[in-house]
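The values are calculated or read from the model by the stated rules, or taken from the named source; none is laboratory data. These numbers come from a predicted model, not from an experiment. In this analysis, Cβ positions are derived from the backbone assuming ideal geometry, glycine residues included, and neighbour counts consider all displayed protein chains.
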Amino acid sequence: MSDLYNATVLSVRYPQKNLMIFRVKPDKKIPPFKPGQYFTLGLGYWEPRILGSGTEVLKEGQETRLCKRPYSLSDPILMDSKLIKSDTEWLEFYVALVEPSEDNPAPALTPRLFCLKGGERIFISEKAMGHYTLDLLDGVFPKQLLFASTGTGEAPHNAMIRWLLLNGYKGKILNVTCSRRQGDHCYLEVHQELEKMFLGYRALALSTREAKQKKLYIQDLIAENLLKDMVDFELDPESTHVFLCGNPAMVGAPKKNRESGQWEWAISGGVVEMLVKKGFVVDEPKKHGNIHFENYW
Ligand SMILES: Cc1cc2nc3c(=O)[nH]c(=O)nc-3n(C[C@H](O)[C@H](O)[C@H](O)COP(=O)(O)OP(=O)(O)OC[C@H]3O[C@@H](n4cnc5c(N)ncnc54)[C@H](O)[C@@H]3O)c2cc1C
């Protein structure tokens, strides 16, 4: 069954017990990809699961199959305090361990990924996929870019940010990440280095469960107009594009009512709704606006 694997895990780091950063080298040449895209990763249902990840009951025949899920390509951005200039021979991923819950008593893939060690084998899709890329800007780079993510949702933004800085983007970049605890911002040191290297780059790491820090969600920054005071960033739809990735409750993706042509929100109070009220425009399949988003579930 190991012939279902086509890549080697080169290195694995666990910056927190529920967060991992790992690098994968496909057996074949790395296929072309755009920053922001994702690959499918997979491990066999026969592989071990981390302790405490629930009791899984496999369906008939599943024990010989691969469990596959999409993962955005992340990016270390810097190496030896310099922007990484060339393509690497590996692909970096940033993954959160999904805990068992009442609705999902035995999450399938992440408990297996969290058993991985360097040198072990894995499945990776032959192609990169997804439309959450800088192509959504239609070739016109705005004066300001806001990247906002929850948890590991910062992965695709890291890849886009390296591309922008490497290709001489001169506007402002504000990168807001939101996690439960400060220690969960696993790329924080990189973002702090970038702030020193690039005048237009700012990073904000929000925490929602840190005793000594004010609990702040991305939605709070917008609802309370905090960005101007905190980081001198004016949320102006004329000059700004916003990229949102991660928890669907933060994103708050809308659906268009076909009869009225109006946007409707299944989850109210998300960032998309707040931005639309400020004059931002949501992406539609054939007409890009200045709000771009990707939900992780
Ligand atoms: C386009 C795309 C890109 C993605 N990229 C990443 C990535 O780079 N890093 C990453 O960690 N995840 C990413 N995900 C989520 C990933 O594909 C899996 O859904 C996740 O790892 C859970 O897999 P599982 O088999 O362990 O859980 P499953 O048994 O499939 O359970 C899925 C459930 O777990 C919960 N869940 C899923 N993702 C998370 C999460 N990140 N944090 C908390 N709860 C979650 C949701 O309730 C979801 O319904 C991405 C998803 C999509 C659609």
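Under the condition of being surrounded by 15 or more Cβ atoms within 10 Å (Cβ to Cβ), more than 7 Å from the ligand (Cβ to nearest atom) and in a loop (DSSP other than H, G, I, E, B), the residues counted in segment 107-119 number 3.
Sort through Asp236, Asp220, Asp232, Asp184 and tell me the only one that's under 16 Å from the mean Cα position of the chain (by Cα), at pLDDT 95 or above and acidic (Asp, Glu). The conditions single out Asp184.
If you check Lys85, Lys28 for being over 23 Å from Tyr187 (Cα atoms) and in a loop (DSSP other than H, G, I, E, B), only one passes: Lys28. Residues considered: Asp135, Asp184. Of these, the only one that is within 14 Å of the ligand (Cβ to nearest atom), touching a residue at least 60 places away in the same chain (Cβ under 8 Å) and among the acidic types (Asp, Glu) is Asp184. Residues that are surrounded by 15 or more Cβ atoms within 10 Å (Cβ to Cβ) and assigned to a loop (DSSP other than H, G, I, E, B) were ranked within segment 55-75; the one that is farthest from the ligand (Cβ to nearest atom) is Arg65.
Within segment 144-175, work out how many residues are more than 16 Å from Phe198 (Cβ to Cβ) and either of a type in the set (A, V, I, L, M) or in a helix (DSSP H, G or I) (or both). Number of matching residues: 8.
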